[in-house]
Every structure is written in structure tokens, then in C-alpha cells.
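Undergrad: Pasting a structure below so you can have a look.
The values are calculated or read from the model by the stated rules, or taken from the named source; none is laboratory data. Model, not experiment: these values are computed from the prediction. Cβ placement follows ideal geometry from the backbone for every residue including glycine, while neighbour counts extend to all protein chains displayed.
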Amino acid sequence: MDRAYSLLTIKSIDAPTRRIQGIASTPDVDRDGDVLDPAGVTFRNPVPLLLHHRQTEPIGTAFLTVTPNGIAFDATLPIVDEAGPLRTRVDDVWQSVKAGVLSGASIGFRILADGVKQLAPGRRHLTRTEICELSLVTIPSNANATIRLVKSLSSPLENRSMTAADHVANLETKRATIAGQMADVLTVAADADRTLTADEAATHDGLSLSLKAVDADLARWKAQEQANIASAVAVVPRPMPGFAVSVKSNLPAGTAFVRAACAKYVCKGDSRQAIEYAQARWKDTPEVALYLKAAATAGTTTDPLWAGPLVQHPVANDFIELLRPALFLDKIKGLKKVPFNTSMPAQTVGGQYGWVGEGAVKPVTSLGFGTVSLGMSKVAGIVVITKELAMLSNPDAERVVRNDMVKGIAQFINGQFIDPAVAAVAGVNPASVTNGAPTAPATADPLADIMGLIAYFVANDIAIDGLTFLLNPQNAFALSTKTNVDGSETFPGMTVNGGTFKGMQFIATDLAGTNLIGLQPGNILYAQDGGVEIDVSQEASVAMDSAAPTALVSLWQTNRIGIRAETFANWNKIHPNSVRYLTGAVYPVSAGGATVQAAASKK
């Protein structure tokens, strides 16, 4: 009887029935140099569950099934009522499994005819085997032959399923094993100075397919791991009864982010010096040094698939939270927020329907669907400040830098979202939601213009529930002053900063210019990543006026520095008629209320 020791993953333990479910994977090379192929395994359920392969010490039964990832099992340890050696042995084993003392698994098998392929000297590929028993052991044959996870109903700490990181670690180990097997096959032929035999070629091709499958799963689990990190919520410790303990920085939001940027400038981009500088100067913000350490690691700090998770310190999050109030995108309710590189279905052709008489043919049509996907698009903003401000002589200077950075980034992102002149550039940036959108000239009557936009959406089967309008503060103020003939406010929920009207949202922004923009947020996909990358330079030449991109100003010559903060954002419309805007909207301020009041006083 041969034995193959394997990695045993306990998926669950049912304490009342002593039932164990899990997967015993056997792709790894054991101490004897054997590789057991799960695809060539046979067995007859149920198989005995033994202790240390001792046939005289059965402890239960197990049902096996073969899966692409290994051999799944469902084992049960009996509950013995009568006192005796069996009851003692089974009780001891159950206690050892729950405590993690009995942490290995081993499969007893025999090799069937033509079931061995020689991979290399001392290494065999077992292609046809029969499993005779499953055993629990204390000393496995390889380093991975341990019980990785035990879930117990009696302990919350044990009720833990495999995490995405666990799956990534397992798949990376499996990948290394398969890659080693492929190399062994090639080595045997190379040592003999010959080409691969038919069997060797088939083995290598099969391993290559397995490697591709593992790589695909590995990419999926890594993506899942990043999604878990992005959606993770900090655990708030529960204070002891009678006590309320909290630790919170008294510094204004965004201070740590500004200090990190300026530390990089003062130390001329030297990461090690910047870390030491931050540690020595700002002892009240230790997160700055941590941020700089993470940003100095290999990889791009904004890359969510590599170094991005390393920089999710309060420094970056602090700046993102500070930036959000300045972005009217975050004020638009109902935007479909989705992850990057996600395809969403969009209906392009509707069906035809009509009344059908008795016995008549019913109309049959096909629906047309397309997809809308949001790729990774980088958003960057450069804020230019004087060298003296960068030296951070006092907290007031930090506040100036912080406010300028927020304003610069927000102006850029907001403008890109609604400027009709912003067209899509493949691999660079998305088009604004107004680019290519239907448009018409505005009138002097804001209510008529708003009703006209609503009528357009209705005519194009766009839901008007949740409609949002963007306009400049002057027009918002004009709407707030407009009154009806009886002196009541036409737009009672409107202020200079926007407001609501009949359930619709109005957002005021200077970037709207003289456009009145109507949009349906539910038809707009929006993705944004919280990672931030900081770059500082004094040698660059910058176009200080976006209207004159060729008029460059030398930062070095004017004794200034540029702080560039980068993040990722993207958007797209699901339906082309989801946005419509009016041009030349300049609404007059109404004095109707005063007129009505004066007329009333004469009566």
C-alpha cells in the first residue's frame, strides 16, 4: 500500500454530528518524489477513515469525489455511546482535530497497471491509482500536508472560511509545482539529447493547460482580493462599559497629505531622506512616514493590482475625503458607481408590441444589446505654489497648500465631466457626458427650459425620476428669486448653491458656464479609485492657463514648485440620450415678489 500525503483543507466541521467536509488536494510532489494525478484516481465509497494508516484503528468513514482542484471528501466520526477503546479513540481524535493537534492528511492507495510515468530520476507521475483509505496523521510527508482551516461551531475564531489571500497562496504554490513538473519533463529529454516522446509531449501539454487554468484562477482571486481590500471597513473596537475612548488627530483634514508632498520636495525626491525628514519634523503625523515608505516600494503606487494596497494609509484617504466635497460628481445622487474594467449591458434596440386578434400572428422581434465598459483612466492635477510655502513654516502655510491642491484637482475633474469640448481619447481619458449630447438654445424662461428638458427625456424613454440639473450659481440665484403671480416662490427649494425642485436635484457650479445641463444619473457609470500618487518638481515648465496651453512658465525660474496628485476616475453613458443641455442660459433676477407686495399694499 502506497501513501500520498496532501494538503487538507477543512471547509466545515459540524460538531453535533462530528462531520467534516473539505478538499484533500494532491498535486504536490511528496517525499518519495511522486505526483498523484487526481484525474486518474478511482475509489469505492465509502472509504475507511483511519488513524495513521493503521488498519486496526478505524475512526470513521469518508465519501470522496474528484474535482478539478483535487479530491473532495465528506467524512464522519461516529458518536459511540458505549464505553470502550473505540469511544476513547474517536473522542481523542475529534478533540485533536478541533484543537489543531492532528493537522495532517494522507491517502492510502495502490498503483494500477500502466499507472506510472517517469518524470525524472526519482520522480514519478502516478496517472492511474485506486484510493483504499483516508487517514488523519500528525507528521505529513510534505510541508503543505497540514490542516489549513478548522471551523468549529463552538468558537467564533474558528469559524473562518478561506480568504482570498489563502486561495492566492494555494494557487501560487500549485503553480510553482506545475511549472517544476513541466521543467522536469523537458530536462529528461534534454539530458538524453533527444526530443520529447509522444507521452512526454502529451504530459507537458497537459501540464501547460493546467498551468493556464491556474493562472486564470490566480488572476481572478487576486482581483477578488483587491475588491475585498477596497470594500473593507475598519473594525471599531467596543469600549469597556463606562468608558469612551477615542484617539483623533486635531490637525485639519489633508494636512498629512500635504506634508508628504512637501517632504518629497524638500528632500529632492530622495525617498529615504524624505522618510527621515518626516519622522524628525512631524512627530504628530507618523502616518506620513508610513505613506512615504509604501510609495517607495517597487511598482506604481496607484496600481490597484500591485502597490496600490500598500499606500492605502490615512494620508491618501485623508486627501480623497477632503477632495470629495469639492467634487460635484459626489453630490450627484444616483450615479451607477462600478469597479474599473467592468462591462455593463446596454439595450440598443427595443422590441415591437401590439394588439393581436384571435388566431392572429403575434409580432416577434429581437432585442439589441451592447456593452459599456469603464477602463482605467488616470486623473491628474498640478498645483503650483511658492518654494517658501513648501517649506511649511507654519500651519497657515499648510492650509494654503491644502486648499490649493483640492481646488486644482476638483476644477480639473469637474471640468472634464461636463465640458462639451472634451472628447474621448483612447487609453487616456473619457469623453465628457455632454460631448456629442443633443443640445438646443435656452430661452429667458427657466421653467419653460426645464420642462422642455423633461419632455425630451420622456420622449426618449429616459426615466425622469432622479433627474439632475447643473447650472452656474448666477442662474441658480435667479431661479431662487423667481415668483408666481401670487407672490409665492416658483422654485422654493432653490438657493445660490442649488437645491431641489419637485424631487429633482439642482447643483450649482461655475464650470457650467451658460449651459443648463440635464442628466439622468442612473444611466451614467462612474468609477473612482482612492489611491493617490504624489510627484513634486521644480524643474518642469507648466502651462498656468489652460486656455493658453503653449504659454509655459518655468518653475525653476520663478522659484516655484509643482505638486502633482494623481488618481483614477472614469465615466460613461449607458444611453446616448441620458444627457441633454441648453446653451446661452442667462436668467434674469425676478422682482415679482416686491411688485406683488406693493400692489397688495395699495388695496
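Undergrad: Out of all the residues in the range 560-581, which are of a type in the set (Val, Ile, Thr) and either surrounded by fewer than 21 Cβ atoms within 10 Å (Cβ to Cβ) or more than 23 Å from Ala455 (Cα to Cα) (or both)?
TA: Taking the range 560-581 first, the residues of a type in the set (Val, Ile, Thr) are 561, 563, 567, 574, 579.
Ile561, Ile563, Thr567, Ile574, listed by residue number.
Undergrad: Looking at (1) over 29 Å from the mean Cα position of the chain (by Cα); (2) modelled with pLDDT of 75 or more, which is the only condition Asn570 fails?
TA: (1)
Undergrad: Under 8 Å between Cβ atoms, which residue pairs at least 6 apart in sequence (or on different chains) link something in the range 576-603 that is more than 15 Å from Ser488 (Cα to Cα) and assigned to a helix (DSSP H, G or I) with a partner that is among the charged types (D, E, K, R) and modelled with pLDDT of 90 or more?
TA: none
Undergrad: Considering only residues that are assigned to a strand (DSSP E or B) and not aliphatic (A, V, I, L, M), which ones fall in the range 40-67?
TA: Passing the criteria: Thr42, Pro48, Arg54, Gln55, Thr56, Glu57, Pro58, Gly60, Thr61, Phe63, Thr65, Thr67.
Undergrad: Can you confirm whether Ile561 is modelled with pLDDT of 90 or more, of a type in the set (Val, Ile, Thr), part of a strand (DSSP E or B) and assigned by TED's automatic domain parsing to the domain that holds Asp465?
TA: For Ile561, the condition - modelled with pLDDT of 90 or more, of a type in the set (Val, Ile, Thr), part of a strand (DSSP E or B) and assigned by TED's automatic domain parsing to the domain that holds Asp465 - is not met.
Undergrad: If I filter the range 466-488 for residues that are free of Cβ contacts under 8 Å to residues at least 24 places away in the same chain, crowded, with 22+ Cβ neighbours inside 10 Å and in contact with a Leu (Cβ under 6 Å, 6 or more places away or on another chain), do I get at least one hit?
TA: For the range 466-488, residues free of Cβ contacts under 8 Å to residues at least 24 places away in the same chain, crowded, with 22+ Cβ neighbours inside 10 Å and in contact with a Leu (Cβ under 6 Å, 6 or more places away or on another chain): absent.
Undergrad: Could I ask something else about it? Given the criteria at pLDDT 80 or above and not assigned by TED's automatic domain parsing to the domain that holds Gln538, does Val188 qualify? Walk me through how you get there before you give the answer.
TA: Numbers: at pLDDT 80 or above: yes; not assigned by TED's automatic domain parsing to the domain that holds Gln538: yes.
Yes, satisfied.
Undergrad: Follow-up question, since we're still on this one. Evaluate the range 81-98: report whether one residue or more is part of a strand (DSSP E or B) and either modelled with pLDDT of 80 or more or under 32 Å from the mean Cα position of the chain (by Cα) (or both). Don't jump to the end; show me each part of the working.
TA: Kept after step one, since they are part of a strand (DSSP E or B), are these residues of the range 81-98: none.
Looking through the range 81-98, none of the residues is part of a strand (DSSP E or B) and either modelled with pLDDT of 80 or more or under 32 Å from the mean Cα position of the chain (by Cα) (or both).
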